[in-house]
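Derivation of every value follows stated rules applied to the coordinates shown; laboratory data play no part. Quantities reported herein were computed from a predicted structural model and do not represent experimental measurements. Because the Cβ atoms are built from the backbone with ideal geometry, glycine has one as well, and the counts that use them run over all protein chains shown.
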Amino acid sequence: MKKNNIIRTAALTGVLAVIIGAFGAHGLKPHFSDYQMDIYEKGVHYQFFHVLAMLGVGIYYQHKPSVWLKRAAWAFGIGILFFSGSLYLLACRDLLPFNVGWAGPITPLGGLSFIAGWGMLTMNDE
């Protein structure tokens with residue numbers, strides 16, 4: 001990712017987090033059980049946390065470019081897609097016209113990607 005692309009990706013993912021969160025709170029809440037709402041909200045929370053992490057990485061990358069910062073940004077993005085994305089699908093499983101059972105095993109891969117991203121930040125010594 002180029003310097004500005006990390007920040008742009010964080011900004012776009014942040015916009016999506018706000019939209020997804022608002023849609024869940026206002027559009028889906030009447031259709032969700034408390035358990036489904038908890039799952040959905042967990043996806044939104046982790047997306048926001050890692051959007052902020054990616055934004056911080058992008059800002060830091062502008063001052064000290066590093067391959068490890070790029071890798072961390074990628075890992076956070078993949079984590080958001082896999083972890084939060086799979087939680088959104090699983091929370092909506094009763095509303096979707098297709099089977100999302102395959103998303104359950106994807107969630108831990110997203111969590112591992114988050115962990116990898118944080119770990120990559122420890123490797124940044126350039």
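Couple of notes before you dig in:
- Mean projection area, nm², convex hull over Cα of the chain: 7.5
- Only lysine pairs 8 or more places apart, or on different chains, with alpha-carbon atoms under 23 angstrom apart are counted in the chain, and they number 5.
- Placing +1 on each Lys and Arg Cβ and -1 on each Asp and Glu Cβ, with no other charges, gives segment 3-123 a dipole about its Cα centre of roughly 560 debye.
- Among Met37, Met54, Met120, sorting on how many other beta-carbon atoms sit within 10 Å of each Cβ, with the fewest leading, yields Met37, Met120, Met54.
- MRE, 222 nm, helices only [DSSP H, n ≥ 4, -39500 (n - 2.57), over the chain, to nearest 500]: -24000 deg cm²/dmol
- Packing-based exposure ordering (other Cβ within 10 Å, fewest first) of Trp118, Trp102: Trp102, Trp118
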